[in-house]
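This report refers to the structure that appears directly beneath it.
Please treat every number below as a calculation from the coordinates, not as lab data. Since the structure is predicted, the reported quantities are computational estimates derived from the model, not experimental observations. Glycine gets a Cβ as well: all are built from the backbone with ideal geometry, and neighbour counts include every protein chain shown.
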Amino acid sequence: MLGLHPLADGRCAAAVGLPFGALAAKTFAELVAAAARRGASSLQPWERHSALAIGLDLASARAFQREAAELGLVVREHDPRWRVSTCSGRPGCGSAWLATRPLAAEIARSGAADRSGVRRIHLAGCAKRCAAPRAADVQLVADAHGVEVELADGTRAHWPVAELVSRLLRAAEVAS
Ligand code: SF4
């Protein structure tokens, strides 16, 4: 879970999330530098594509969170980006039908997950569905012709990529 976690020795750990599971190398280096500057004893991978800075006093942990947010990381569970996950997609994966991360960011900005009350939307660049979380109750799977959509109520549809976000929002309105 994102946020601050008390440790047995009185210090705390701060968990911050990588938006859509990745960070630019430069941003990652800046995050490491922020953790070191604030006195963290380590920065380690943690659950759900997050990073955990350990061994901070409370003021330093909050300062680390602020710096992480300025770097574009997710620091709150209710951030819409934390409701949308995706695989690598293009250009990182040769099997991908589309660039999943920019589309995932657009879906998050739309607020479709919040409006429909779904826990998580997962976008996959092809039928292999890499990185799909069990908790995802809307699955979007790209293919040569668009996106296969599996909604939370079991409804299946096939939508063009260009209409994906607007149709998700319409589905969210129906669900709300
Ligand atoms: S789901 Fe498909 S496109 Fe996405 S990373 Fe896996 S193989 Fe690549």
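Rounding to the nearest 20 debye, state how big the charge dipole of the stretch 83-140 is about its Cα centre with +1 on each Lys and Arg Cβ and -1 on each Asp and Glu Cβ.
120
Three principal axis extents, largest first, for the C-alpha atoms of the stretch 3-70, in Å?
Taking the Cα atoms of the stretch 3-70, the three principal extents are 33, 23, 17 Å.
Counting only other residues whose beta carbon sits under 11 Å from that of Cys12, what net charge do I get with K and R as +1, D and E as -1?
0
Suppose we keep just the DSSP beta bridges with both residues in the stretch 119-176; what percent of those would be antiparallel, to 5?
70
Within the stretch 4-73, list the GluC sites (Glu not before Pro) lying in a DSSP loop whose Cβ has at most 14 other Cβ atoms in a 10 Å radius.
none
In deg cm²/dmol and to the nearest 500, what is the mean residue ellipticity at 222 nm of the chain if only DSSP H runs of at least 4 residues count, each as -39500 (n - 2.57), divided by the residue total?
Value at 222 nm, helices only, nearest 500: -9000 deg cm²/dmol.
Exactly which GluC sites (Glu not before Pro) in the stretch 74-176 are in a DSSP loop and have at most 16 other Cβ atoms within 10 Å?
When the GluC sites (Glu not before Pro) of the stretch 74-176 are filtered for loop state and at most 16 Cβ neighbours within 10 Å, Glu77 remain.
Based only on the alpha carbon positions, what is the Kirkwood hydrodynamic radius of the chain, in angstrom?
Kirkwood radius, the chain: 17.1 Å.
For the stretch 1-30 and the stretch 72-144, compute the distance between their C-alpha centroids and round to whole Å.
Going from one Cα centre to the other spans 20 Å.
For the stretch 80-175, what is the Kirkwood hydrodynamic radius in Å, using each pair of distinct C-alpha atoms?
12.9
Taking the Cα centre as origin and putting +1 on Lys and Arg beta-carbons and -1 on Asp and Glu beta-carbons, what dipole magnitude results for the stretch 14-78, to the nearest 20 debye?
60
Just Ala59, Ala34, Ala136 to compare: in a GNM of the chain, with alpha carbon springs under 10 Å, which one fluctuates most?
Ala59
Would you please name the trypsin sites (Lys or Arg not before Pro) within the stretch 104-172 that are DSSP coil residues with at most 12 other C-beta atoms within 10 Å of their C-beta?
Passing both the DSSP loop test and the Cβ count: Arg119, Arg134.
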